Structure formats: structure tokens, C-alpha cells
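The values are calculated or read from the model by the stated rules, or taken from the named source; none is laboratory data. Note that this is a predicted model, so its numbers are computed, not measured. With ideal geometry, Cβ positions are generated from the backbone for all residues, glycine too; neighbour counts draw on all protein chains shown.
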Amino acid sequence: MKRVLIICDLFPPAFGPRMGYLCKYVRSEGWEPVILTEAVDDEQAFSFLSGETETHRVSYYTASTPGGRRRQWLFTFLGDLLFAYKDRKILREANKLLGNGDFDIILCSSFRTFPLTAARKAARRYRLPLVVDLRDIIEQYTGEEYITHRPPVLFGLGKLLVKLHTRIGMRRRNRALRQASVATTVSPWHVEQLKQYNPHTELIYNGYDPELFYPVHTPTSHFVITYTGRLLSTAMRDPALFFEAFSILIREKTMQASDCRVDWYVDEASRKVIAAEAERYHLLPYMHFKGYVPATDIPKVLNESSILLLLTNRSAADGPKGVMTTKFFESLAVEKPILCVRSDESYLAEAIRATRAGLAATNVDEVCAFLKQEYEAWKQQGYTASSVDREALQQYARPYQAHQFANIFNDLTVMERKNNP
């Protein structure tokens, strides 16, 4: 069996579903994955995907006290900014694996920049084909939402550090892209952007696992509108059309307050944003904040919902771009009506139309009509369902995406043998 070294920023049990599902299915394509990643000890979201794959983890934060960890994070941030410290450390482990193992290819998957530099240098040293997989890019955001942890404010230089962090990160990313044999990414918009740096950029969507996500139409006692995920800012994901339409239907008593609710499976930061928006429309009593649940519980949550809410905003120069969240594909798979507000008027809206999955709304009247239609369907049969185009759905299945990666690996190894007989 051929072997691929996957160098990635996150891997299960941490929040790393794309690479986790790839490892689950790529073995059936004739490829044995080996993982090299950062050690993350405070997440268990995808523990069910971490069992079978040989995994090597590099620890960066080992201090035992909160103060010690903060200082360690500060030194790591500055070292990484100035000297690519995290990449240097993970490269040492990559050298051990590549020096002792028989690998055919390197795949590097990154949320932003790390560990692209390590993968680029390892591929060059061992003369292996490099595939760069980018799950998000800085250009897709409206502001600074891409910064997961704010850099430290030193001597009033916070904004300067953000600009420096962004500029250096993009330079490192683009250098890795130019060296890569192939780049892969998650939406047509991302492909268009990354082809500026690597013309061999291919689309591999995020998706759903058919072993977990499939329709189960169970009658429910309430008409439940569900959102799972994060809301970083209303510039990226704007719920205003939904709140406005929901408040109209409640005031008109078209929908009954006694049998409707909105469930939010979100973190605390997202809860604050949502609660503030709901309060503006006097809808806070209808909002139920559930917190995060294990990934294995999500299929049940979706199947017991009446409408699945996707939050985004119009794709524009000052708006979000290329948003094709994994939650969209999982919602598709359970065949529940999807309400996307506000429509991106781009690739996500096109995918919703092509799969007949629901509504990508541009105005409040559309949302009102959609909510009334699904509410009436729920009252008549106790559940809702959408007539999803199942043939179109197959391109979003995780086994198909593993097949796409495997085809890239196979083509590159054949090319490598031709060039180095």
C-alpha cells in the first residue's frame, strides 16, 4: 500500500474533520495515511475519527499553570511570527518520519498558514510531490475574523502585529502554494483565488459522512428551527432577515408561540452575538441556547429539527466570500429544509438551488413564505422533509472526496516515476 504523510494543523480528536474523514476512507483507495500534527489537549469533538490512524503529535504548550501557558503562548506567537518557530519544530519530526519511512507523497492541510512552511521544506528535501490543502483563506473574511486568538497588545502595537501577522502568513502561504504540485480547496471561489498562485488548483468540497448523516423523519412536538456552528460577526453571518420574518409571523399569530422554538448549538461568544440580535426583535424568549454537542450527536439534532438554519451574507468585496460550511452538506444529507439567510447570491445559493434543498433568501417576504410553508407541513404530518436531488448530493459524500484526493496522489506518483525512472 502506498503511503502519504499528512502534515496538518489539527487532527481528531481536535476539530479536524476534513483530514479525519480522509483518513477514514482513503485506505480503501490504496493509500495508508500517517499524521503529523500539533497536540491539542482541550478538544474532543471528533474523537471517533482518531482511533485507526498512526498519529504523531508535537506539543507547543506544556506549562501546567494558566499564567505559564499564557506566557508560553506569547513566546510561541512571537517566535512563530519572526522565525516560523512552530514550523521549525514540526519539521524536525517530519524529518524523522521521512528519514525512517517509505512515503510516496506529502499532503499539508491548513486552516490558515501553519504548517505549510514545514511541509514545503520537507517535500523539497526528500524530493516528494507536495499537495497543499487550504480549508480557509484570509481573503474570504470581511475583517479580522480569521484570527482565532488575538495577538498580544505590546506597547500599543496590537494593530501593527495583526498586519504583520497577516502579511507574513500570506507570504508563507503563497510560497508553499507555488512549490506545490497540486493545491486543493473547498469552494469554487477559493479555487479562483488560489489559481493566482498555483494554476493546478482543484476543488474538493467539504462534505458529509453517509454512515452518520441520512434522513430519519420522526414526528416532533415542536416546530424546531436549528442552527449549529459559530457566529463570528454579523458581517460574516447576518441573521437579520430570519429574525425579522420570525417576529412578523409570531406577531400575526401565523405561527404559534406555544409550539415554535429556535435551538442554537453555539459557543459562548456566538451566544452573546445571537442574543443581542434576538433582543432587538423581542424574540429572546423563543431562543434556546444549547451549547456545543459531540459531533456524533449532530445527526440526531438535525433529524429532529423542522428547519435547518444557515447563516451567511451577500458575497461582495466587503462581504464574506466562498463560504461553503460543512454544516450545509450535513444538512443536505438529512433532507431537512434549509433556510440560508442572507443568501450569498453566489456559489452557496447555486448549490442550494441545484440540490433543491431549500431557500437562499434575499428578502423578508421570501423568508416569511418559506417559514409558513414548512410550518404548515409540520402541522399536517408532524415533521418536515425536502426533496433533495440525491444524485447531486453524491458529490459531497466523504468517500467521494477521499477518491478525489487518491486520484491526485496516484497521478502525482505516476508523474514522479516518469520523471525519475
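Data overview
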| item | result |
| --- | --- |
| Residue check for residue 96: free of Cβ contacts under 8 Å to residues at least 40 places away in the same chain and either loosely packed, with under 15 Cβ neighbours inside 10 Å or within 25 Å of residue 295 (Cα to Cα) (or both) | yes |
| Candidate set from segment 88-121 (those that are hydrophobic (A, V, I, L, M, F, W, C) and over 26 Å from the mean Cα position of the chain (by Cα)); member that is nearest to residue 402 (Cα to Cα) | 103 |
| Hey, residue 402 in the same structural domain as residue 188 (by TED's automatic domain parsing), outside any strand (DSSP E or B) and of a type in the set (Gly, Ala, Ser) or not | yes |
| Exclusive hit being touching a residue at least 24 places away in the same chain (Cβ under 8 Å), surrounded by fewer than 21 Cβ atoms within 10 Å (Cβ to Cβ) and either closer than 21 Å to residue 141 by Cα or among the polar types (S, T, N, Q) (or both), set 381, 373 | 381 |
| Strands (runs of 3 or more DSSP E) wholly inside segment 284-378 containing at least 2 residues that are closer than 25 Å to residue 191 by Cβ and not small (Gly, Ala, Ser) | 307-311, 338-341 |
| Verdict on residue 331 being out of contact with any helix residue (DSSP H, G or I) (no Cβ under 7 Å at 6 or more places or on another chain) and surrounded by 17 or more Cβ atoms within 10 Å (Cβ to Cβ) | no |
| Output for segment 86-102, where each listed residue is farther than 8 Å from residue 118 by Cβ and among the hydrophobic types (A, V, I, L, M, F, W, C) | 97, 98 |
| Exclusive hit being closer than 20 Å to residue 242 by Cα, in contact (Cβ under 8 Å) with a residue 40 or more places away in the chain and surrounded by 16 or more Cβ atoms within 10 Å (Cβ to Cβ), set 367, 388 | 367 |
| Flag for residue 333 being among the small types (Gly, Ala, Ser), modelled with pLDDT of 95 or more and at negative phi | yes |
| Strands (runs of 3 or more DSSP E) contained in segment 51-141 and holding at least 2 residues over 21 Å from residue 202 (Cα atoms) | 54-58 |
| Some residue of segment 26-33 being modelled with pLDDT of 80 or more, farther than 17 Å from residue 111 by Cα, part of a loop (DSSP other than H, G, I, E, B) and not β-branched (Val, Ile, Thr) | yes |
| Residue within segment 261-272 that is in a loop (DSSP other than H, G, I, E, B) and over 18 Å from the mean Cα position of the chain (by Cα) present | no |
| Residue, nearest to residue 409 (Cα to Cα), within segment 155-198, restricted to residues that are in a loop (DSSP other than H, G, I, E, B) and touching a helix residue (DSSP H, G or I) at 6+ places or on another chain (Cβ under 6 Å) | 181 |
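Table: residues versus (1) over 23 Å from residue 296 (Cβ atoms); (2) more than 18 Å from the chain's Cα centre (by Cα); (3) of a type in the set (Ser, Thr, Tyr).
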residue	(1), (2), (3)
1	yes, yes, no
4	yes, yes, no
8	no, no, no
14	no, no, no
18	no, no, no
28	no, yes, yes
33	no, yes, no
36	yes, yes, no
39	no, yes, no
